[in-house]
1. Can you name the residue in the stretch 173-184 that is open to solvent by 40 Å² or more (accessible area, probe 1.4 Å) and not in a loop (DSSP other than H, G, I, E, B) and is also farthest from Y156 (Cα to Cα) among such residues?
2. Could you run through the stretch 506-525 and say how many residues are closer than 18 Å to L47 by Cα, touching a residue at least 24 places away in the same chain (Cβ under 8 Å) and surrounded by 15 or more Cβ atoms within 10 Å (Cβ to Cβ)?
3. State all residues of the stretch 329-358 that are farther than 15 Å from F257 by Cβ, in contact with a Ser or Thr (Cβ under 8 Å, 6 or more places away or on another chain) and of a type in the set (A, V, I, L, M, F, W, C); if no residue qualifies, say none.
4. Exactly one condition in (1) acidic (D, E); (2) more than 20 Å from the chain's Cα centre (by Cα); (3) at pLDDT 95 or above is not met by E238; state its number.
5. Name the residues in the stretch 155-179 that are among the aromatic types (F, W, Y) and more than 18 Å from T134 (Cα to Cα), would you?
6. Of all the strands (runs of 3 or more DSSP E) wholly in the stretch 425-502, which have at least 2 residues that are farther than 17 Å from P368 by Cβ?
7. Output the residue which, of all residues in the stretch 93-110 that are part of a helix (DSSP H, G or I) and among the β-branched types (V, I, T), is farthest from the chain's Cα centre (by Cα).
8. If you take the residues in the stretch 363-376 that are without any contact (Cβ under 8 Å) to a residue 60 or more places away in the chain and in a loop (DSSP other than H, G, I, E, B), which one is surrounded by the fewest Cβ atoms within 10 Å (Cβ to Cβ)?
Amino acid sequence: MWSSVFIHSLEHPAGGYKKIFESCDELAEPIPAHVSGKIPAWLTGSLLRVGPGLFEIGDEPFYHIFDGQALIHKFDLKDGHVTYYRRFIRTDAYVRAMTEKRIVITEFGTAAYPDPCKNIFSRFFTYFQGIEVTDNCLVNIYPIGEDFYACTETNYITKVDPDTLETIKKVDLCNYLSVNGVTAHPHTEPDGTVYNIGNCFGKNMSLAYNIVKIPPPQDDKSDPIEKSKVLVQFPSSERFKPSYVHSFGMTENYFVFVETPVKINLLKFLTSWSIRGTNYMDCFESNDKMGTWFHLATKNPGEYIDHKFRTSAFNLFHHINCYEDQGFIVVDLCTWKGHDFVYNYLYLANVRQNWDEVKKAAMRAPQPEVRRYVLPLDIHREEQGKNLVSLPYTTATAVMCSDGSVWLEPEVLFSGPRQAFEFPQINYKKYCGKNYTFAYGLGLNHFVPDRICKLNVKSKETWIWQEPDAYPSEPLFVQSPDAKDEDDGVLLSIVVKPGVTQRPAFLLILNATDLTEIARAEVDVMIPVTLHGMYKP
């Protein structure tokens, strides 16, 4: 463990990180892990993770990090023993690709072309049937009611069995809700109520962002998804161009939606798709004039608050946390400065380059920064030019402009040149939507995940876990049963060490207080990159 001053110097000339972007086979049955250290007796459950596991079909490659076919991973912990298991999720995208031995459904950055064996007329008609949306659920897994779903960002989620990892069924949320897709980062309340946000293309091409509510497990054992509803709607700043939305914020009484300048060109999406071999990435563009807008809505009842909060342009993928304090909403975010889309730098060709080239590309990309914004709730009576934020512990400001909008400037909580604190996690069960102190994250060094970080958002103190040529995943926090403090618990992360010949991957268990190692459970297989996941007790 080192303090943050040393984290910038770690280099990766061997390029071992390329191995986490290579295809692997699924396992026929769980394999035992070799445990060193002592796993806490109370830590009994499963770490479930998803990510891409198949990066080509035959000789057809996928091009983007979000295109590889969904692979679900599971580390089971019981009585100090650990097993590891993984299976491909039997999505339509995967099954049809395996059957036809080619890419059949267009993914995020890879276009599928009509079957070359068909004649020209049937190929022509295939083009004009329009868009076939992918169900490749490689981004996250979360519970709804008594069930577990793997998801991406389209309207399809896939029910999986968390014990056997079998694929149960595909669910189209459009059958129940007015949304065209939802994020892979829902919020869950203690009773099991699930909230999410998604784009909605309505009548006359009107555009909005809908917060949807899925009720908790039902007494009559019916499916909560069937009782889901739209709770509140956020307006869009542009009529034909929704912003890309990856996550949102939730406090005890409010929803926070950040509308960034990264846009989906709907007309391009709906027209060019069916004529040329276009993919999702081709339909993104940046609005270099709008900056970033913050929107608020109340939770109960769901009502949009028509305050205009504005700030300079940034990309946003992950909210860390937000909470209410003395008439303000504090919003902590992992931002990337500017309007250039970060996903442009996440093509597999980029992240598989040699280290010097990876560094060069990261120099051109938007720069990461952890920021705190503060939104005043009562802004009617204040005069122009005055900072409306009176919280004593932050330097973030909110200033009333002559046009009635409020200009926000952030407090920077963490910043290092091309060093990102990303994939953030907190003690979610106890501190989601509440005033909190600690965030945990995956450290990206020029986009290469090479450390685990802990950040005190009040003092800005940082802790680091790092090993040479080791590539961890998002650290998940699990609270210890007799916890008194916010950070009483452990962090779970899958770490890959491609350079070692035996047992190149392991489940790492860290003390969440100081990031010292408690135990590791090593397995004799490579594990590719995983994006998000959950711990199931």
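1. So the first thing to find is which residues in the stretch 173-184 are open to solvent by 40 Å² or more (accessible area, probe 1.4 Å), and the list is 174-176, 178, 180.
Checking which are not in a loop (DSSP other than H, G, I, E, B) leaves us with 174-175.
Working: C174: 8, N175: 10 Å.
Among them, the one singled out is N175.
2. Total satisfying the criteria: 12.
3. Once the filter is applied, which keeps residues that are farther than 15 Å from F257 by Cβ, in contact with a Ser or Thr (Cβ under 8 Å, 6 or more places away or on another chain) and of a type in the set (A, V, I, L, M, F, W, C), the stretch 329-358 yields V330, F341.
4. It fails just one condition, (3).
5. Residues of the stretch 155-179 among the aromatic types (F, W, Y): 156, 176.
Once the filter is applied, which keeps residues that are among the aromatic types (F, W, Y) and more than 18 Å from T134 (Cα to Cα), the stretch 155-179 yields only Y176.
6. Counting at least 2 such residues, we get 462-465, 476-479, 489-496.
7. Taking the stretch 93-110 and keeping what is part of a helix (DSSP H, G or I), we get 93-100.
Checking which are among the β-branched types (V, I, T) leaves us with 95, 99.
Numbers: V95: 25, T99: 30 Å.
The extreme case among them is T99.
8. Selected residue: Q367.
The values are calculated or read from the model by the stated rules, or taken from the named source; none is laboratory data. Keep in mind that what you see is a predicted model, and the values were worked out from it rather than measured. Note that each Cβ is placed from the backbone with ideal geometry, even for glycine, and that neighbours are counted across all protein chains shown. All accessible areas refer to the heavy atoms of the entire protein, side chains included, with ligands and DNA or RNA removed. Shrake-Rupley method; radii C 1.70, N 1.55, O 1.52, S 1.80 Å.
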